[in-house]
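Presented below is the structure to which this report refers.
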Amino acid sequence: MITIAKYEEIAEKKDDGAFKEVSADLYWAYHTSKRLGTEDLVLDDVKWTKEVAPLVKECREYGIKQIAFTSSNQHF
């Protein structure tokens, strides 16, 4: 897994202001994936189509090449 300095800095400093500058979804996926030892960031909740583009943009900004979308919500 790549290291994202911005996310590490936010976690270290517990900086609420800087936390607002990043995607909360990606931030938590990053730290969860690190804790679990997985290579890919795993987003584990439902995303609306309009939410995907900003996530992809931030992934590109931080060099994230692959993410996994999963959901335990199977109510169709």
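The values are calculated or read from the model by the stated rules, or taken from the named source; none is laboratory data. Not measured: the values here are computed from a predicted model. Ideal geometry is used to build each Cβ from the backbone, glycine not excepted, and the neighbour counts take in all protein chains shown.
Observations, loosely collected:
- Residues of the stretch 49-65 classified as of a type in the set (Val, Ile, Thr) and under 19 Å from residue 39 (Cα atoms), total: 2
- Condition check for residue 21 on (1) at pLDDT 85 or above; (2) not in a loop (DSSP other than H, G, I, E, B): one failure, at (2).
- Conditions (1) over 14 Å from residue 62 (Cβ atoms); (2) of a type in the set (Ser, Thr, Tyr); (3) surrounded by 15 or more Cβ atoms within 10 Å (Cβ to Cβ): number failed by residue 33: (1)
- Selection count, the stretch 36-59, where residues are exposed (fewer than 14 other Cβ atoms within 10 Å of the Cβ), of a type in the set (D, E, K, R) and either part of a loop (DSSP other than H, G, I, E, B) or touching a strand residue (DSSP E or B) at 6+ places or on another chain (Cβ under 9 Å) (or both): 4
- Near pairs, Cβ below 6 angstrom, 6+ apart or cross-chain, from the stretch 40-67 (under 17 Å from residue 6 (Cα atoms)) to any residue that is part of a helix (DSSP H, G or I): 41/29; 41/30; 41/33; 58/26
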